[in-house]
Every structure is written in structure tokens, then in C-alpha cells.
Amino acid sequence: MPFGYVSPEQSMKDKADYARKGIARGRSGVVLQYREGILFVAPNPSRALHKISEIYDRIAFAAVGRYNEFENLRKAGVRYADVTGYLYDRDDVTARGLANWYAQALGTIFTESLKPFEVEIVVAEVGDTPERDQIYRITFDGSVADEHGFVAMGGQADQVAGVLKDRYEEGMPLARAIGAALAGLEGQGPASNGPEIVASQLEVAVLDRGRSHRKFRRLTAARLEALLEEARRPAASSPAADEPERRKDGADSTDSAPGGRANGDGPADGAGTADPK
């Protein structure tokens, strides 16, 4: 056996360990379905470097890991989608096709390069109905998983996914979906409850089923702050929520008080925030 020989099995194991350690150093990201589409949430204080981006009309991209590596993948995915849509038809550009393309690219890099990409990405496509939504998770070695409902990636993904499993429900409104995502992201770290994440530290976007043509939309500024307040309100105000029920029996028949309703699903566009970690 020549000096310095490393078996293929050991080489693959070393590459996988290297990539996992690099990805785990960053914060997790969350992608989950809600009533009107698909939600993307990632801790991200930067206003210039995006973890979440639009790929095509109904398709978006989210990633964690090394920014320069997943940004190159994002640009390549946009070119692939544009060329496919131009040569054939816009309907031929699908999340499944993009996921397969990313899997081949990452698999080749992992096998042939000395250093693998330290990235984990999600490609999602919103359908005309929730049943037709597609979410694909692609890992550093080119493995593809078809996810349903929600997916957590990067950082302490298993811990975040455990919280989401308890909090996620099909058909949730946008504010509740954001609340579930925050519950998972704020629980990262050795402590059971991490620090509260504010709007300036988040990058949030949606694929909105109700929008025409281009479905991608970023949630920023006052719109995001209002959604965060609404998402956290039930836990803080649940005792008060029972007050009308307790007063109902003793209320006079001539009394009337119209209830307010928070609007959590109105459109708002703007620039997002991002983070290379």
C-alpha cells in the first residue's frame, strides 16, 4: 500500500464531517407551509447578503452555510431556470427540476473536489393549492429529500425541527406560522429558550399563492414588526382572551362591542435582510 493512501470510504467520511461542522457553525433556517403559501424565515442581520431569494415565478431558494458558495449556486440556478423557460416553456421550470440539477452539481463537487461545499439548500415551489406545493431539501453531498409541511436546515436543525413538529399545523395563518418558526429558531443553543429575535435580525419572505405571476415577496419593516407582534400575542394575552367569555353571562342585552381583527396577511414588498453565516 503506498504511503499516504486514504481509502475512498475514509475520504468520503472526512469530507462529510468537514461539511457538517462548517454548516453547524451557522444559524438554522426554516421553511414551512402556511394557509396562503410557503414561508421562509432565517436569522439574518445583514441588509446586503441574502439567504432567501427568488429563483423563478413560483420558485424560491433558501440556504445556510458559506455565503459565497450558496450564492454561486443561487446564480447558477437562476441561469438554469431562465434558459429552460426561454428554450421550452415557463411551465417547464419546476422546483423538482431545479432540485435535481442542484443535486447533480453538489454531488459532483462532493465527489471530485478536495473540499466539499459547506452548504445546505431548500428549493420550494408554491402550487395553485396547498396539496401541489413542493419543498425539496438538498444537502452538501447532493442528497435530495422531498419535505412536507416544514423543514429546518443548518445549525441545530434537529432541535429546531423538534419544536416545529410540536407547533406546526396544516393551514396555519401567516402570523401563526411565523410564531412557530420563531419558537424553533429562538430555542437554538444549549439553553432551552434563546434570546428573543427582533425584526431587524430576521430575513423573512413568502411565496404567496394569491399573487399573480411572480409569487415571491419579502416581509420587512413595519409589516414584519406587526406580524411578529401578532405572532407573540397569543402566549402573552391568553388570560385576557377569556375575559369576554366570563363577562358574557352578566352583560346587558343592549351592550355591544365590535371585536377588532388583526390583519396578518396583507401584501407588503421591500428589501430583505441577510447574513453570510
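The values are calculated or read from the model by the stated rules, or taken from the named source; none is laboratory data. In this text the structure is predicted, and so the values were computed from the model without any measurement. FYI the Cβ positions are ideal-geometry reconstructions off the backbone, even for glycines, and counts take in every protein chain you see.
A compact table of results
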{"quantity": "Identity of the residue in the stretch 161-178, within 19 Å of PRO130 (Cβ to Cβ) and free of Cβ contacts under 8 Å to residues at least 60 places away in the same chain, that ends up surrounded by the fewest Cβ atoms within 10 Å (Cβ to Cβ)", "calculated": "GLU169"}
{"quantity": "Residue match in the stretch 143-153 (condition: within 19 Å of VAL31 (Cα to Cα), in contact with a helix residue (DSSP H, G or I) (Cβ under 6 Å, 6 or more places away or on another chain) and not small (Gly, Ala, Ser))", "calculated": "yes"}
{"quantity": "Residues being touching a helix residue (DSSP H, G or I) at 6+ places or on another chain (Cβ under 9 Å) and buried (at least 22 other Cβ atoms within 10 Å of the Cβ) - total across the stretch 82-102", "calculated": "3"}
{"quantity": "Unmet criterion (only one of (1) under 18 Å from ARG25 (Cβ atoms); (2) in contact (Cβ under 8 Å) with a residue 12 or more places away in the chain) for ASP158", "calculated": "(2)"}
{"quantity": "Selected residue (only one of ALA199, ALA175 is at pLDDT 90 or above, of a type in the set (Gly, Ala, Ser) and under 30 Å from GLU118 (Cβ atoms))", "calculated": "ALA199"}
{"quantity": "Hey, ALA60 of a type outside the set (Ser, Thr, Tyr), surrounded by 16 or more Cβ atoms within 10 Å (Cβ to Cβ) and part of a helix (DSSP H, G or I) or not", "calculated": "no"}
{"quantity": "Any hit, the stretch 65-79, residues being part of a strand (DSSP E or B) and either within 20 Å of the chain's Cα centre (by Cα) or at positive phi (or both)", "calculated": "yes"}
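Okay, residues lined up against (1) at pLDDT below 95; (2) under 19 Å from ARG35 (Cβ atoms):
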{"residue": "ILE138", "(1), (2)": "no, no"}
{"residue": "VAL151", "(1), (2)": "no, yes"}
{"residue": "GLU169", "(1), (2)": "yes, yes"}
{"residue": "GLY187", "(1), (2)": "yes, no"}
